[in-house]
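Some notes on the structure that comes next.
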Amino acid sequence: MTRVTPPTETDIAQRLDRVESQLAIRDLAARYALAVDSRDLDSLAELFVADVDNGRAGKGRGALRTWFGEVLTGFYRSMHFVSGHVVDLVDSDYATGSVYCRAEHEDGDAWVVMAIRYLDTYRRDDGVWYFERRRLQPWYVADALEHPQDAAFSRWPGREQSQPARLPKGFPTWEPFWEGAGSAVRVSRTAQP
């Protein structure tokens, strides 16, 4: 008979840390959605590492807060439905993740719907998990009254520029899948591959 060795304290502590880390990281996505939808710029900026790099908008939470303040005046109401959050712990202080989201926005007379995937990197500083970076990858942007394919998957009503649809073609498995299915099958499923 084989005896099962009980986990050591170190094993239990490591396992508990992994579980707590995953819960804390998943909570970031929900808190992000709540902060965006409530326009709580202070809470929103605090979800990111103190030295967050926001590209041309600058570095640090203050620059990020200012940037979000400008972006979030681009629409009135919003609601972000977060789901499908996958977290991959790289080590004890770094992780990556993929978050699915459906976001709805009131912009004047338009009700704009976006299907989004966020690609995230997370970092733990002083025992607290934060976003290090979020990259938005839209499937589509369209008025709620139109089909996404009628909007070329990338039209925010009243704006000349919109987020280009990066998905599903951005998945490395997408094109090989449809190449294997054949062009006739693909054309029968979409008019806009």
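The values are calculated or read from the model by the stated rules, or taken from the named source; none is laboratory data. None of these values were measured; they are calculated from a predicted model. Please note: Cβ atoms are built from the backbone with ideal geometry, for glycine as well, and neighbour counts cover all protein chains shown. To get the accessible areas, we keep the full protein, side chains included, count just its heavy atoms, and leave off ligands, DNA and RNA. Shrake-Rupley method; radii C 1.70, N 1.55, O 1.52, S 1.80 Å.
Numerical summary
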read-out: Complete set of residues in the stretch 54-65 that are modelled with pLDDT of 95 or more and either more than 24 Å from Asp126 (Cβ to Cβ) or of a type outside the set (Lys, Arg) (or both); value: Gly60, Gly62, Ala63, Leu64
read-out: Subset of the stretch 16-60 (residues that are open to solvent by 40 Å² or more (accessible area, probe 1.4 Å), polar (S, T, N, Q) and closer than 20 Å to Ser92 by Cβ); value: Gln22
read-out: Of all residues making up the stretch 57-93, the number that are part of a strand (DSSP E or B) and free of Cβ contacts under 8 Å to residues at least 24 places away in the same chain; value: 5
read-out: Qualifying residue in the stretch 61-80 (condition: among the β-branched types (Val, Ile, Thr), over 23 Å from Ala30 (Cβ atoms), touching a helix residue (DSSP H, G or I) at 6+ places or on another chain (Cβ under 9 Å) and surrounded by 12 or more Cβ atoms within 10 Å (Cβ to Cβ)); value: yes
read-out: Top-ranked residue of the stretch 154-163 - restricted to ones that are open to solvent by less than 60 Å² (accessible area, probe 1.4 Å) and modelled with pLDDT under 75, ranked as nearest to Glu104 (Cα to Cα); value: Pro157
read-out: Leading residue by the ranking (nearest to Arg15 (Cα to Cα)) among those in the stretch 94-105 that are touching a Leu at 6+ places or on another chain (Cβ under 9 Å) and free of Cβ contacts under 8 Å to residues at least 40 places away in the same chain; value: Thr96
